[in-house]
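A short worksheet on the structure shown next.
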Amino acid sequence: MPLAMAIEGETRTITDFKGQEELKRHLQDLGFIKGERVRVVGENASGMILMVKGVKVALNRGLAHKIIVAD
Amino acid sequence: MSVIIALAGNPNCGKTTLFNEITGSRQHVGNWPGVTVEKKEGVYKKDKEVLIMDLPGTYSLSPYSAEEIVARDYIVKEKPDAVINIVDGTSIERNLYLTVQIMETRIPMVVAMNMMDEVESRGDAIDCNRLSQILGVPVVPIVARTGKGMKELMEAAVSVAKSGKKPEKPDIFGRELADAIQAVADVLGEGESDENNWKAIKLAENDEIIGETVPSDKKGAVKTLVDAANKVSGGDAEARIADERYQYIGKLVKECVKKSGRGHVETKSDKLDKILTNRILALPIFAGIMYLLFACTFSENFLFVPELPSPGVWLAGIVEEAWGFAAESLIGAVEAAGASEWAVGLVSSCLDGIGAVFGFLPLVLVLFLLMSFLEDSGYMARVAFVMDRIFRHFGLSGRSFIPMLMGFGCSVPALMASRTLESDKDRKITMMITPFMSCGAKLPIYAMFAATLFADSNQTMIVFSIYMLGIVVAVLSALILNKFAFKSETSNFIMELPQYRIPTLKSVAIHAWEKVKGFAVKAGTVIFASTVLIWFLSNFNFSGMCHMEDSLLAAIGNGIKWIFAPLGFADWRASVGVVTGWIAKENIVATFGQLFGNVSEETVEAVMAGEEALPAIKEVFSKASAYAYMAFNLLCMPCFAAVGAMKREYGSWKWTLRAVGFQMVTAYVVALLVNIVGSMVF
């Protein structure tokens, strides 16, 4: 399922990315790689706040739809 | 012998703090050639032979943004004698991702393990000696904010730079992948070469910029081998490389970092974020903070206390007074020296021009001190995120909000604030539309017209409607520019939210000073030159000095007034007003005062405040054309100081002229529409 569907407090494992190469690369640089566990620490109208590799990262909902996660 | 040491690290890792700490105040800020990425150079305060180059903050050496390209080109091509890689110890795993990539270039390097105080207060421990052993490069624990460890760090860096000791080739990749990469390197050139090894990794990562540097006779062979690398990686070598780097880092962290074992503890930052980025509370809180920011800078009735000036206004008053006194004495001295009338006139108008800049320098300073505080505290990242939702509708990102908001105060600092925008497209558009936010200097124009021509209607509503017009035109412009001029997709929003930290006074002061200094120098020169020019044009014609009605400026006004006929104000005085408005928008009122009946200075001030009317302008303006005139001056080219700031931020005349052209056309079209519609309504 897309990461955008996860709710606050949940932790999910990244399984895939959709979208352009360039974006994928930037996500990788920020610690979003396949197999990584990410935790949703906040949500608002703009998008969600995630904890990945001990760093807080905010992303908009459109982008959260391009990251595929599993339990 | 002098050495060059470059600072590299993630955004928010404390790099700027470290840079300030190492160089003291001896630093030079500029732009990297061709891009609007800030370039900072300095000298080590304890050894003038050590040059420090601050590279832009980057997450990796892959070419995602202009910053990353600048940083990696510098490391790979310019080859500093050593790199200090700053690592934020509190998020060591993600920060080491850049570290291993710098190691891949095999440039002599030192790791500065920063924020060690926070690591300790969390109950964690980082074994820097062990990490240094494994990586084969010195790892020095530091606390950049307090200066702790600075001496040891610089000793290590200088010694590495002087010896030129390269780090060992890091053993990151698994056998299969390493062999595949080695095969690519072998095709690029025979024998062991650091440059080819690094390029081979980048080629396997599908790096287009490096791909173009491959000689054409080798392109085929390289492609075959990169395909092979993809194959052993399960289809995507790039993802595999990233994955193996993180695995390598995972092992390092396991070996060298002792976690407190408390698991995830909710920090103060987390608690603050629960409120400041809250679905419902975020916007009201932000509005409150912005209100305070503006009140501190511009308010004449600070915190609703009548007549109490805000710190900004108070400071501006002092500077203005001091300048007025200095200018008067200077003019007195010039007169006493027996200078001719025109020389005195020139000197006094030059002093007025420079005085105008000095007059709002304190406002800019206060505004920037507060903005820098918010920026350094980590709050601005949250603001950009919270506003993103709204700005996305206009094809901009949330980061555009800050410059546009500042535009209501003064376009100059607003344009400079656009520098923080990551996307080039967003930055260019934001700079084009920021001057549409009605700045403080435009208010007197509205006050004059409202008092004179709209005395029978609700004057506040007239002024308010002009402000709204600016906002609406800005939003429409953003939509149109996005659709037709830039044609690129709305950029995704992804941004690290750094931990909240109380910024040090020193870093805020340096941050603000950098901006104000640049503003004073550049804007000062533009204003000065244009003041001299306009003064000359308004006091001379071909036969010498004359009254303004007979001057070259009047001739120009008469020559161009036909342009404004469709807008309803084909009058030379109105045309001259537009031109003098470019020096400073409030000049329009002074010009009108002079041209429409030669009123006294006190009257001009009363007109500016909207307390007095200027009946003579009724002969030229109808309600419709007056509104069109206000709209035109709101939207057309901003004052020269702002154009100077635009030039500085765009980094090219081409883009500056495009922006000014766009503003001129927009102003004309909107004023035309206003005149047509207004003639029907009024």
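Magnitude of the charge dipole for the stretch A:3-70, about its Cα centre and with charges confined to Cβ atoms of Lys, Arg (+1) and Asp, Glu (-1), is about 80 debye. Only one residue of B:P306, B:F454, B:T224 has its Cα farthest out toward the positive end of the dipole of chain B, where Lys and Arg carry +1 and Asp and Glu -1 on Cβ, and that residue is B:T224. Relative contact order of the stretch B:617-682, taken over Cα pairs closer than 8 Å and 6 or more residues apart, is 55 percent. Considering only alpha-carbon pairs that sit under 8 angstrom and 6 or more positions apart, the relative contact order computed for chain B is 10 percent.
Listing B:E422, B:E321, B:E205 from fewest to most neighbouring C-beta atoms within 10 Å gives B:E321, B:E422, B:E205.
Using a/c under 1.5 as the rounded threshold, could you call chain A rounded, prolate or oblate? The axes a ≥ b ≥ c are square roots of the C-alpha gyration tensor eigenvalues, and prolate needs a/b larger than b/c, oblate otherwise. Since a/c stays below 1.5, the shape of chain A is classed as rounded. Simple rule: put +1 on each Lys or Arg Cβ and -1 on each Asp or Glu Cβ in chain B, find the dipole, and look at B:I471, B:L537, B:M495; the Cα lying farthest toward the positive end is B:M495. Per-residue Karplus couplings for the stretch B:117-129, computed as 6.51 cos²θ - 1.76 cosθ + 1.60 with θ equal to phi - 60°, are listed in order as 5, 5, 4, 5, 5, 7, x, 8, 9, 10, 8, 5, 5 Hz, Gly and Pro entered as x.
Holding the Cα-Cα limit at 20 Å, pick out from B:K15/B:K148; B:K166/B:K199; B:K39/B:K165; B:K428/B:K647; B:K79/B:K165; B:K425/B:K654 the pairs that are longer than that. Violating the 20 Å Cα-Cα cut-off are B:K39/B:K165. Dividing the summed helix terms, -39500 (n - 2.57) for each DSSP H run of n ≥ 4, by the number of residues in chain B produces a 222 nm estimate of -19500 deg cm²/dmol to the nearest 500.
Per residue, the average separation of C-alpha pairs within less than 8 Å and at least 6 apart gives the stretch A:3-70 a relative contact order of 42 percent. Can you classify the stretch B:175-258 as rounded, prolate or oblate using the Cα gyration tensor, where a ≥ b ≥ c are the square roots of its eigenvalues, rounded means a/c under 1.5, and otherwise it's prolate if a/b beats b/c and oblate if not? Prolate shape, in that a/c is at least 1.5 and a/b is the bigger ratio. Helix B:194-204 versus the longest principal axis of chain B: what is the Cα-based angle in degrees, 0 to 90, to the nearest 10? The two axes meet at around 80 degrees.
So how tilted is helix B:653-681 from the main axis of chain B? Cα-based, degrees 0 to 90, rounded to 10. Approximately 40 degrees, to the nearest ten. Relative to the dominant Cα principal axis of chain B, helix B:640-650 is inclined by about 20°.
Note that the stretch B:523-681 carries a Kirkwood radius of 16.5 Å, evaluated over its alpha carbons pair by pair.
Computed from backbone phi, the HN-Hα couplings of the stretch B:163-180 come to 7, x, 6, 7, x, 4, 5, x, 9, 9, 8, x, 3, 4, 5, 4, 5, 4 Hz, rounded to whole numbers (Karplus: 6.51 cos²θ - 1.76 cosθ + 1.60, θ = phi - 60°; Gly and Pro given as x). Close amide-amide hydrogen proximity is noted between B:I583 and B:F640, each under 5 Å apart and 5 or more residues distant or on a separate chain (H modeled in the peptide plane; Pro and chain starts excluded).
So if I place +1 on the C-beta of Lys and Arg and -1 on the C-beta of Asp and Glu, and nothing else carries charge, what would the dipole magnitude of chain B be about its Cα centre? I want it in debye, nearest 20. If you can, show how the numbers build up before the last one.
On the way: 64 positive and 73 negative charges, 242 e Å.
The calculated dipole for chain B is roughly 1160 debye.
No value in this document is a laboratory result; all are computed from the given coordinates. The shown structure was predicted, so the numbers you read here are calculated from the model rather than taken from an experiment. Cβ atoms come from the backbone with ideal geometry, glycine included; neighbour counts cover every protein chain shown.
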